[in-house]
Every structure is written in structure tokens, then in C-alpha cells.
Amino acid sequence: MYKLVAIDLDGTLLDPYGQISLKDKQIIQEAIQKKVEIVLATGRSIASTINFSKEIGAEHYFISGNGAVIYDLQNEKILYNHYLPREKVIEIVEFCEKNSMYYTVFTDNAIITKSLNYNTLFYYYENRNKEDGKKTQINIIEDIPLYIKTTENLNFLKITICDETSSIFARILEQVKKIKEIDILEVSHMSRKKIKMGTEILEIQYYYTEITQENTNKWNAIQYLANKLNIKTEEIMTIGDNSNDIEMIKNAGLGIAMANSAPEIKKIADDITTSNEENGVGQAIERNITKILQTN
């Protein structure tokens with residue numbers, strides 16, 4: 001019944017430390033051996049997603065930038081893109097500068113930031129456990145608006161805005177909504193990620209929103225890929241945990257939420273698996289493996 005399984009990364013396949021469990025890898029690879037198309041669908045950059053996709057053995061396609069890009073791993077090229085235009089990126093970053101907001105700009109291959117904080121701090125520590133070729137590139141730039149205006153060959157996936165205080169973030173979100181011709185991700189719960197520092201564990205917590213080009217989401221990218229592969233909507237399973245997964249969970253043949261998902265995500269899901277600390281992705285695939293194998 002299910003020929004394509006689209007899987008989110010952070011909060012879903014990745015545990016709070018940014019790792020993929022051995023159990024999840026084994027179950028995913030069994031599905032791949034049965035000719036199931038496994039597709040990562042994430043908000044991360046192309047460069048970061050490539051490494052995770054190869055780690056689980058899903059070496060055909062993946063979706064990055066919350067649906068801004070479909071990447072063809074076999075031919076090492078972008079199959080589909082829905083980038084933020086440079087002039088819109090300039091408008092947004094200047095807006096953030098004016099209103100003293102902490103923001104990061106995601107390109108195909110790197111994260112542009114002024115300082116290591118919130119999401120970029122997590123990626124920085126995540127890099128310490130990775131080989132050089134598998135690290136997420138972080139570019140610390142003092143004058144981001146100038147850099148965006150003057151640097152050629154930049155493709156913009158999304159912009160994230162973060163704050164640790166709920167009331168301040170709510171005001172930020174209201175201000176950002178004034179910007180036209182963009183999609184704004186509304187996340188109601190705090191992001192919580194963990195970093196191992198020797199024997200201690202550092203927890204990074206923050207509220208965030210993500211800005212993409214208008215009409216950009218993971219489901220639109222999944223549909224494009226499914227059409228290319230002659231896969232019907234009812235043959236698609238999706239697994240996610242957050243607001244950027246709503247469309248793909250709501251519209252897929254089977255949409256599965258993680259146990260650690262926000263309540264609004266669980267409400268729209270067809271099923272709920274265990275958490276990202278309990279091999280939730282593997283359990284979701286394993287629970288539906290009979291239906292998956294019926295088509296292969």
C-alpha cells in the first residue's frame with residue numbers, strides 16, 4: 001500500500017542529541033531493500049541533509065528547506081526549487097535588524113548568522129561529533145544585509161527567527177506577519193534540544209518561526225516527487241512532529257505523528273507512534289510494514 005515514506009529529521013528521526021538510533025536505521029534499510037522509497041523531508045540545508053540521507057541508505061531523493069528543494073542524490077543536482085528571492089531576503093533581514101530580532105539565513109549549503117545562539121548553537125555542538133565532511137557549515141557574518149546584497153551564487157531556503165521568551169516571541173511573530181508574499185511557520189511549543197558536554201548535558205530551548213517563499217511546504221514537494229515516480233497519494237506515508245509537517249501529515253495516505261509532537265499535530269494525524277527517544281520512526285514503519293510490503 002505504501003510505496004513512499006517521507007520522514008522529518010529534527011524531533012522525528014533524530015533524537016534530542018541529533019543522532020539516529022541503530023534500530024531506526026535497521027528498519028529503514030529493510031524497507032529500502034523492499035524497494036520502498038524513503039525520503040527525508042526536513043527544514044535543514046542540502047549539505048546537512050545529504051549526510052543524514054546517506055547515513056540511513058536513502059540515496060535517491062530528499063527534501064530540504066521545508067520543501068524549498070528536492071535534491072536528486074544519484075545525479076547530484078537539484079530537481080525542484082522554490083527559493084526565497086534575494087530581494088525578499090534583504091527585506092526580511094533588514095526588518096529583523098531594525099527590530100533587534102535574532103535570525104539566521106539558510107542557503108543550500110550553509111547557515112548565515114551573526115552569533116552562535118539557539119538553533120545555530122545546537123548545530124555548532126552537533127558538528128563537534130561529526131567528521132569534517134559531514135559538518136553543517138556555519139558562516140558567522142557581522143553585516144548580514146550587506147553580505148546578502150553583495151555575495152553572488154546564494155540560493156535562499158528559509159530564514160529562522162528565535163527567542164527564548166514566550167511573550168517577546170509572540171510580539172515578534174505579530175510583527176513578522178506584516179511582511180507580504182511569504183509563508184510563516186507558526187510553532188506553538190518551545191524547541192528543546194540536548195548537547196552532551198562531557199558528563200554534563202546542556203539543554204537548548206527556544207521559540208522559533210521559519211520564513212519561506214509563499215506556497216512552500218513539504219507536502220507540495222512530496223507531491224511533485226510522487227508524480228515523477230508515479231506514486232499515488234494513498235501510497236504515501238509521512239512521519240513528523242512539528243508545524244512544518246502539518247501539510248504532509250494531513251494530506252498523505254497515512255500521516256503519523258511522534259509522541260513528542262505538539263497537541264495540534266497529534267490531532268490531525270492518522271496514527272501516533274512513540275517518541276524520537278524511543279525509535280518512533282522505526283516503530284511506525286514496522287507497524288505498517290505488512291501494508292508496505294503488499295506493493296513490493
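The values are calculated or read from the model by the stated rules, or taken from the named source; none is laboratory data. Source: prediction; values computed, not measured. A quick note on method: Cβ atoms are made from the backbone with ideal geometry, for glycine too, and the neighbour counts reach across all protein chains shown.
General remarks:
- Residue satisfying condition, being assigned to a loop (DSSP other than H, G, I, E, B), more than 15 Å from I38 (Cβ to Cβ) and not assigned by TED's automatic domain parsing to the domain that holds N119, within set N220, N244, N230: N230
- Any hit, the stretch 141-151, residues being assigned by TED's automatic domain parsing to the domain that holds E181, within 17 Å of the chain's Cα centre (by Cα) and either acidic (D, E) or part of a strand (DSSP E or B) (or both): no
- Test: residue in the stretch 164-186 that is under 21 Å from I63 (Cβ atoms), out of contact with any Ser or Thr (no Cβ under 9 Å at 6 or more places or on another chain) and hydroxyl-bearing (S, T, Y): no
- When E203, E264, E186 are checked against the criterion of being within 17 Å of the chain's Cα centre (by Cα) and either in the same structural domain as K130 (by TED's automatic domain parsing) or assigned to a helix (DSSP H, G or I) (or both), E186 stands alone in meeting it.
Yes/no matrix, rows are residues, columns are (1) without any contact (Cβ under 8 Å) to a residue 12 or more places away in the chain; (2) surrounded by fewer than 18 Cβ atoms within 10 Å (Cβ to Cβ); (3) within 17 Å of D183 (Cβ to Cβ):
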{"position": "W219", "(1), (2), (3)": "no, no, yes"}
{"position": "Y224", "(1), (2), (3)": "no, yes, yes"}
{"position": "N244", "(1), (2), (3)": "no, no, yes"}
{"position": "L254", "(1), (2), (3)": "no, no, no"}
{"position": "A257", "(1), (2), (3)": "no, no, no"}
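Yes/no per residue for (1) closer than 21 Å to K218 by Cα; (2) among the aromatic types (F, W, Y); (3) in contact (Cβ under 8 Å) with a residue 24 or more places away in the chain; (4) outside the structural domain of I182 (by TED's automatic domain parsing):
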| position | (1), (2), (3), (4) |
| --- | --- |
| E37 | yes, no, yes, yes |
| A41 | yes, no, yes, yes |
| I50 | yes, no, no, yes |
| S64 | yes, no, yes, yes |
| G67 | yes, no, yes, yes |
| I70 | yes, no, yes, yes |
| C96 | no, no, yes, no |
| I111 | yes, no, yes, no |
